[in-house]
Structure formats: C-alpha cells, structure tokens
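Some notes on the structure that comes next.
The values are calculated or read from the model by the stated rules, or taken from the named source; none is laboratory data. Since the structure is predicted, the reported quantities are computational estimates derived from the model, not experimental observations. Here the Cβ positions follow ideal geometry from the backbone for every residue, glycine too, while neighbour counts run over all protein chains shown.
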C-alpha cells in the first residue's frame, strides 16, 4: 500500500512538474537576448552602487567583474545554447550576491535572489534552474556560516547562521515552487499553442477527408524536390489519377458512401507507394502522386499496377459492392525547362483527360511527339485565352443571313455567331476555341455573353408592343439546358433592353437535346411560353431523330449540313433531306437547310420545298453591329409562320 501511494505521488509529481522541453530557437534567442540585456544593466548598476557605498577598489572589482565577464561570455553566439544559459544564470546570481555584499547583508537585497531565480525560469531548462538553486544554497548555507557578516546584517543571524540559512531556504523554496508552477503553466500553454499551430498547419496542407496532401502542398513538394541540386541528375514523375464511374457511388448511396470509397482508394494507393513518394487529393475524385527517383518507365509500371488494382477491387460500403475504374496521366518532371514544376500537374491533368477520351480506365504516358497530348494542351491554352476574352470583352458577334427559298418572301432572318478577337485584331473562328470551352465548362459563360451582347446591340430598336419583322437565332449549349438561372437571365435581358421575345429564336443541337430530353422539353417550353422561338439544330445527326422530334416542342428544324451538301450529287442525301422536310412540315414545323454552298443546292431545296437555306452561297457571316446599322427596322412583310402546337 505505501509503495502504491509513493508510486501515485511520483506519477503526479512527474505530471505536474515542467518537462523542460526545448524551446524553439527563435523563442530561446529572444528570451536570452532580453536576459543578457538585463544583466548588462545590472553590471552597470552594481558598479554605480559600489561607488555609492564607497568601497575599496578590490571590492568594486570583485562585485562587478564576475557579472560583466559572465554576461559577456553568455552573449557569444558561437557557444552552445545550454552553456550560454548557464553563464547567464551564474551572472544573474553573482549580481544578487554582489548586491547583498555591497549592502552589508541588508535583508531587503536578498529579495533579488528570488527575482533572479524567477527570471532564470524563462529558459525553461532544468539545468539552468537547478544551477540557480544550487548557487543560492551554497551562497546562504556555506558563505552564511563561514562569513555570516557578508550575508546577514543583524546579530541574531550572526549568532545563528544555520537557523537563518534554513529560514532563507524556506522562503527560497516558496519562491522556487511558485516559479516552477508558473514555468509548468507557461510550458503547457506553449504546448497547446504549438499543438494548435501544428493542427492548423496540417489542415492547411492536407485534405481533411483522406489525410493526403492538398493541391497547394503538393505543388510545394514538387518545387522543393526540383530545388534539390540532386534532382538535376535524378528522374521524377507526376501521376494524376481520376476515378471512373465514381459518380454512381454518390448518386446511388450518397456522399458518405463516396467519402468511404475515397478513403479506401487512398489506402490502395498508399500500399503501392515508395518511401519517397507523395500522395495528394487535388479534387473531388482526383489524386496525384509525386514519384521521386523513378524513371518514366518505372512510373508507368506503377500507374498501370495501380489502375489494375483499383479496377479489380470491389469497394464494400454500407453492405453494397461497387466497381470503379481509374484513368491516369503520367508526365516526367523537367527540372531544366520547368524548374518549379508549375506546369507538371497541368500536363498530367491533360494526359489524364486524354486517357478518358481514349476510353477510360487506362494510363496515358506523355511522350515526345504526343499528338493527343498536344491537342489537349492546346485546349487548355484556348480555354485560358477564352476566359481572358470574356473578361476583357474580346468576343465579337457576327450575323449570317437565313434566306427563304421562296423568292417572293423578303423576311429578315439570321443566325448570330461568335468570334474571338486576337491580340493583333484578327478574328478567331469558334471551331478553334469552342472545343476548349466545352472541355472546361465555359460554354455556359459564352452563352450568357452572346445573349447579353445580342440584347445590348438590339436595345432601343423596337417600338413597345409592336410585333418585330425580323428574327435572330442564338445558339445554346447543352450545359445551359435546365439552367433556371439562365432562364431568369434571358428574361431580364429581354425586359431590360425592350426586346420582344418573338424576335429571338434559340437553337440547340439535336444530340444535346436528346441527351437529357426531359430537361430540354422543360427548358424549351419555358422559353416558348415567354414568346421566344426554338430551333432544333443539326437534325439528322442523331440515331433516333424522328422518335425525339415528336416530343420536342420546337418551331424550326435545321437539317444537318452533311446531308444538304450532297443533295445535287447523292440520291440518298436528297432523299434524306426530302424526308426530313416532309415529316417536319407534316408536324407544322419550318425547315432550314444548312451548308447551302451553291445556287444548285438552293434550287434543289426549292424543288423539295424546304423553307429556308443558310450558307455561304446565301451570305457569309459579317459583324453584327454594322449590319444592324445598314438594316434599320422595317414593317413586317411576311413573318415566320406560327409554331406547331
């Protein structure tokens, strides 16, 4: 029983006492500089006090020189830190002893010992603290007995030096205990601050779900690796991985299940990583691995092994099993041309997208003369330029006329097209930058720019309440269908600029419309209820065109130009155009033939009965605003026929 009490008491004491943890270098240096400055002030003060007391030169030297010499040595930065602390401790306690001696043992000057013991705890070092206690014990217990007149100034202490040494020891013990408690509390507060700082630093550099590095920290690790001089001769690679069919997990079982799959994928990747490799989660279901000291061939083998492992693994979540794939892009780091690695992750991402375009669940390794990769990199470049063009309003509207095949009809009808203004003022075709817009989800932004620019150009053109005698077609992308905010945006632009909704006809391609036909029907219906018209573009390019045509509430069918181009030479193309036109008109819809490149094609369209033609034989695209200036609004002569209900 006594042993257990002693053991518990010892454990409690070990817990309560400060650990004397090593302070961070900057903190220690700041405290040490402050203590040294205090000691130099003491050295000067003791010298002045010695002259005030009118003591002998020998007493002056014995009081001031130890403090000055020890303080000077404590300030030498080349010495070990613990030795410097010990020297400062001795200087502090010598200054207390000097004050006691110069005062003739005045009791009040003994308080200085207590102050200095407290100051020494700033080092949070048991060596310095115990050295200070030992000095005081020696000074009071030994010097106080051997030469009591040097320590005490009254006869009772001179007669009983041991008793008074014990009394001073008790007072010192209380002061030391208070200093230790303060030291312990200070140490715990610092430990808590360090823990918070470490946690914040960890959270700032790691993904909270998987514990992997985040994108910023991953970039920093690449930069650090390439900054190492040894990297100039070593080989490194970056592998970016994107999970295939991961959305099925989230949609069928919720995001909690998706999170669990991401954690399991993390475990699979870590199980194949080398000691020097770094893993990051850089997106929702995107991971990246920095493969240090690996050739591109070794890195490719790693990526392929990981792809096989993930695709063959069955992820068990909430009693269900899931199979997912992994597409990966792999690129070698180039410390010469890309010393900071700023382009590495972007290149790996482009390579990963090539893997996805090639069929998913595969690895694409970037090699010299890699055409697929170069094309993807080109899209990234154009996406960046497109963003800048939208921001700086460097897109331009063009107008291409759509002409009736009936020469007696003179209605004004045309399609609005978009071009990008290059740095030298030349124009860039949409075929160059729109694929990049689709790849990087910028087409919705382009749609909004076109709607806003068209409405701004037409502002003030129409008399309120009048039916317009002209119609302008605006293309919408698949990402815009079902976007309620775009519907609100269109209403706002039409109202703000005073444009009759019937003056605007929106176009969407057949393939986009049938991709989510429910959303397409709802979107088209809302715009038609507003008063706008709707055209189905590139009709005939899909696999089940006529089946969907009955369901889509459109006004106009634009026949795919691949059929129109050959109607004068290919009987099949002629028959295709004829059948699309006949069925559309049976449904009360108007037809527009695209790619009318000759008068012979236009003559064939008249013979078939197609309503309108569009192409270079009718009119090339031209800037929209100059066209508006040359074509003021006139009263309607023959408006487009009403839409089929």
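A few comments on the model shown:
- Flag for residue 70 being in contact with a helix residue (DSSP H, G or I) (Cβ under 9 Å, 6 or more places away or on another chain), within 15 Å of residue 37 (Cα to Cα), surrounded by fewer than 23 Cβ atoms within 10 Å (Cβ to Cβ) and modelled with pLDDT of 90 or more: yes
- Qualifying residue in segment 43-50 (condition: at pLDDT 80 or above, in contact with a helix residue (DSSP H, G or I) (Cβ under 7 Å, 6 or more places away or on another chain) and within 24 Å of residue 171 (Cβ to Cβ)): yes
- Residues of segment 132-164 that are assigned to a helix (DSSP H, G or I), within 16 Å of residue 112 (Cα to Cα) and touching a residue at least 24 places away in the same chain (Cβ under 8 Å): 132, 133, 135, 136, 137, 139, 140, 150, 151.
- Checked against the criterion of being out of contact with any helix residue (DSSP H, G or I) (no Cβ under 9 Å at 6 or more places or on another chain) and either under 30 Å from residue 117 (Cα atoms) or assigned to a helix (DSSP H, G or I) (or both), the candidates 178, 195 yield just one match: 195.
- Candidates 209, 240 - the one that is surrounded by fewer than 17 Cβ atoms within 10 Å (Cβ to Cβ), in contact (Cβ under 8 Å) with a residue 24 or more places away in the chain, within 25 Å of the chain's Cα centre (by Cα) and not in a helix (DSSP H, G or I): 209
- Residue that is touching a strand residue (DSSP E or B) at 6+ places or on another chain (Cβ under 7 Å) and closer than 21 Å to residue 387 by Cβ, where the choices are 486, 476, 481, 442: 476
- Within segment 87-108, the set of residues being farther than 17 Å from residue 44 by Cα and surrounded by fewer than 21 Cβ atoms within 10 Å (Cβ to Cβ) comprises 104, 105, 106, 107, 108.
- Residue list for segment 453-473, restricted to those being in contact with a strand residue (DSSP E or B) (Cβ under 9 Å, 6 or more places away or on another chain) and free of Cβ contacts under 8 Å to residues at least 12 places away in the same chain: none
- Cβ-Cβ distances below 6 Å connect the following pairs, each with a first residue in segment 308-324 that is at positive phi, a second residue that is surrounded by 10 or more Cβ atoms within 10 Å (Cβ to Cβ) and modelled with pLDDT of 90 or more, and a separation of six or more residues or different chains: 318/257.
- Filter pass, residue 3 being at pLDDT below 90, over 55 Å from the mean Cα position of the chain (by Cα) and not assigned by TED's automatic domain parsing to the domain that holds residue 132: yes
- Some residue of segment 398-413 being under 30 Å from the mean Cα position of the chain (by Cα) and either surrounded by 19 or more Cβ atoms within 10 Å (Cβ to Cβ) or part of a helix (DSSP H, G or I) (or both): no
- Cβ-Cβ distances below 9 Å connect the following pairs, each with a first residue in segment 165-189 that is within 17 Å of residue 136 (Cβ to Cβ), a second residue that is modelled with pLDDT under 70 and part of a helix (DSSP H, G or I), and a separation of six or more residues or different chains: 165/141; 166/141; 168/141; 169/141; 180/16.
- Among the residues of segment 262-297, those identified as farther than 20 Å from residue 205 by Cα and touching a residue at least 24 places away in the same chain (Cβ under 8 Å) are 264, 268, 272, 293, 294, 295, 296.
- Pair list, Cβ under 7 Å, 6 or more apart: segment 597-623 residue on the phi < 0 side of the Ramachandran plot, other residue assigned to a loop (DSSP other than H, G, I, E, B) and exposed (fewer than 13 other Cβ atoms within 10 Å of the Cβ): 597/616
- Test: residue in segment 411-424 that is modelled with pLDDT under 85 and farther than 26 Å from residue 392 by Cβ: yes
- Test for residue 360: is it modelled with pLDDT of 85 or more, at positive phi and either touching a strand residue (DSSP E or B) at 6+ places or on another chain (Cβ under 8 Å) or surrounded by 15 or more Cβ atoms within 10 Å (Cβ to Cβ) (or both): yes
- Some residue of segment 474-486 being assigned to a strand (DSSP E or B) and at pLDDT 90 or above: yes
- Verdict on residue 549 being surrounded by 19 or more Cβ atoms within 10 Å (Cβ to Cβ), farther than 26 Å from residue 621 by Cβ and more than 35 Å from the chain's Cα centre (by Cα): yes
- Members of segment 552-578 found to be over 53 Å from the mean Cα position of the chain (by Cα) and assigned to a helix (DSSP H, G or I), listed by number: 571, 572, 574, 575, 578
Matching residues to (1) without any contact (Cβ under 8 Å) to a residue 60 or more places away in the chain; (2) touching a strand residue (DSSP E or B) at 6+ places or on another chain (Cβ under 7 Å); (3) not assigned by TED's automatic domain parsing to the domain that holds residue 444:
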site: 497; (1), (2), (3): yes, no, no
site: 503; (1), (2), (3): yes, yes, no
site: 514; (1), (2), (3): yes, no, no
site: 529; (1), (2), (3): yes, no, no
site: 535; (1), (2), (3): no, yes, no
site: 580; (1), (2), (3): yes, yes, no
site: 584; (1), (2), (3): yes, yes, no
site: 591; (1), (2), (3): yes, yes, no
site: 595; (1), (2), (3): yes, no, no
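- Here 396, 432 are screened, and the one residue that is touching a residue at least 60 places away in the same chain (Cβ under 8 Å) and touching a strand residue (DSSP E or B) at 6+ places or on another chain (Cβ under 9 Å) is 396.
Here is a yes/no grid of residues against (1) at pLDDT 85 or above; (2) in contact with a helix residue (DSSP H, G or I) (Cβ under 7 Å, 6 or more places away or on another chain); (3) in a loop (DSSP other than H, G, I, E, B):
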residue	(1), (2), (3)
308	yes, no, no
321	yes, no, no
326	yes, yes, no
330	yes, yes, no
338	no, yes, yes
341	no, yes, yes
346	no, yes, no
349	yes, no, no
352	yes, no, no
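- Selection status of residue 425, surrounded by fewer than 17 Cβ atoms within 10 Å (Cβ to Cβ), without any contact (Cβ under 8 Å) to a residue 60 or more places away in the chain and in a loop (DSSP other than H, G, I, E, B): yes
- Annotation: of all residues in segment 260-279 being within 16 Å of residue 236 (Cα to Cα) and outside any loop (DSSP other than H, G, I, E, B), the one that is nearest to the chain's Cα centre (by Cα) is 279.
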